[in-house]
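Chemist: Please see the structure below; I have some questions.
Laboratory data are not the source of any read-out in this text; all were calculated from the coordinates shown. Everything numeric in this text was worked out from a predicted model, so none of it was measured. Every residue, glycine as well, gets a Cβ built from its backbone with ideal geometry; the counts of neighbours run over all protein chains shown.
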Amino acid sequence: MEEENDMPNELEGVALAGERPRALITGITGQDGGHLAELLHEKGYEVFGLLRGQRNARREALETEFPFINIIEADLTDQTSLIEAVLTSEPKEIYNLGAVSHVGYSFRNPQLTADITAKGVLNLLEAMRVTGYSSKARFYQASTSEMFGGLDYNRPGNGYNEDSLFHPRSPYGVAKLYAHWIARNYRESYGMFISTGILFNHEGERRGLEFVTRKITNAVANIHLGKQEFVTLGDLWPKRDWGYAGDYVRGMWQMLQHDEPDDFVLATGETHSIEEFLALAFAVVGITDWKRHVRQDKQFMRPAEVDILLGDPSKAERVLGWKREVDFAGLVTRMVRHDLDLAGRS
Ligand code: GDP
């Protein structure tokens with residue numbers, strides 16, 4: 001005990017944390033929050049998750065699915081709550097996954113998106129600084145391929161990499177670009193260990209139904225079981241570089257274990273249209289004439305569209321040894337099978 005009291009200030013948190021590393025995750029109720037919490041728990045971390053708002057409706061589900069998570073009530077827009085969250089969790093690693101994360105929603109709620117997705121990061125970084133955690137904790141910022149925008153003039157043939165030009169095409173993309181640069185700025189200005197992961201679309205069983213992949217796989221399961229006749233979508237030609245979220249959270253963790261903070265693209269290096277996704281998803285349940293089950297409606301089309309996203313993950317593969325394990329067909333198949341299981345039970 002005495003020894004601990006004699007420690008210089010900057011080591012206090014580390015000493016109190018003991019042997020078990022502690023991680024603080026924002027966005028714990030989101031897709032990546034769940035995958036990452038599971039991964040860190042398996043690795044022996046004590047996991048803390050920020051939960052927003054009084055009586056958050058998702059609290060019970062979170063406690064049931066992940067009883068090991070220590071929940072801290074805090075809000076990315078409330079600086080004081082973030083300071084308390086850092087002091088309570090004494091983290092070795094902070095993963096900032098919290099955001100308004102849906103592109104369509106961000107067009108309808110651009111100011112809220114800016115407050116949370118952009119300024120929330122600044123609030124959290126400042127909370128680290130005022131508590132002395134800028135030198136005690138490593139920070140991961142969830143950046144996104146939506147920062148690139150997919151326009152012809154800035155589209156490299158072999159995929160966007162860490163040095164490609166940004167041209168975001170939605171309030172979400174713009175807010176994420178601020179977050180990306182403020183994170184880099186704090187790394188450069190204050191020498192903080194901050195890494196950004198520029199992640200291309202990553203999906204899986206935990207994906208929300210508001211995203212096109214899960215909307216499709218959920219509908220395919222229901223159509224196969226005769227519970228639904230068709231699915232209504234927006235444009236079918238946009239192309240995305242879709243990977244599996246479980247592979248991507250492993251990359252986040254690897255970024256914070258690396259010797260140096262840096263920026264890394266995580267992607268599969270393949271791009272597929274929504275039409276291709278549809279064809280494959282329907283094929284899993286043996287439906288080939290899938291077009292008769294698909295309708296289109298303007299309400300699911302965007303004021304500005306990202307035509308095509310393709311990422312080049314070679315830096316992460318080379319420097320971190322990261323490799324995705326699930327390919328496009330594997331992703332679609334596991335999502336459809338999961339939704340068949342769910343739909344079969346209800
Ligand atoms: P995003 O890439 O982060 O915007 O992920 P989404 O899954 O929301 O959208 C992927 C692509 O699917 C975008 O080009 C959308 O315009 C397109 N899309 C077509 N129909 C739909 C739909 O019904 N819902 C959603 N979310 N996207 C759709």
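Chemist: I need the peptides 133-143, 273-283 ranked by packing, meaning the mean over residues of other C-beta atoms within 10 angstrom, with the highest value on top.
Modeler: 133-143, 273-283
Chemist: Then there is this: How large is the helix-only mean residue ellipticity at 222 nm for the chain, computed as the sum of -39500 (n - 2.57) over DSSP H runs with n ≥ 4, divided by its residue count, in deg cm²/dmol to the nearest 500?
Modeler: That comes out to -12500 deg cm²/dmol.
Chemist: Extension gain residue 296-residue 185, at 0.36 nm per residue separation less the Cα-Cα distance, in nm?
Modeler: Length gained, residue 296 through residue 185: 35.7 nm.
Chemist: Can you give the FRET efficiency for residue 135 and residue 227, using 1/(1 + (r/R0)^6), R0 = 51 Å, r = Cβ-Cβ distance, to the nearest 0.05?
Modeler: Calculated value: 0.40.
Chemist: Could you give the length gained by full extension between residue 287 and residue 341, i.e. 0.36 nm per residue of separation minus their alpha carbon distance, to one decimal place?
Modeler: Contour length minus the Cα-Cα distance gives 17.7 nm.
Chemist: Hey, which lysines would be in cross-link range of residue 92, C-alpha to C-alpha under 16 Å, not counting anything within fewer than 8 residues on its own chain?
Modeler: Reachable lysines: 43, 136.
Chemist: Also, quick follow-up: Tell me, what does the Kirkwood hydrodynamic radius of the chain come to in angstroms if you use every pair of distinct C-alpha atoms?
Modeler: Taking every pair of different Cα atoms in the chain, averaging 1/r and inverting gives 21.0 Å.
Chemist: Grab the Cα-Cα distance for residue 42 and residue 111, subtract it from 0.36 nm times how many residues apart they are, and report the gain in nm with one decimal.
Modeler: Contour length minus Cα-Cα distance gives 21.1 nm.
Chemist: How far is helix 245-257 tilted off the main Cα axis of the chain, in degrees rounded to 10, range 0 to 90?
Modeler: Approximately 20 degrees, to the nearest ten.
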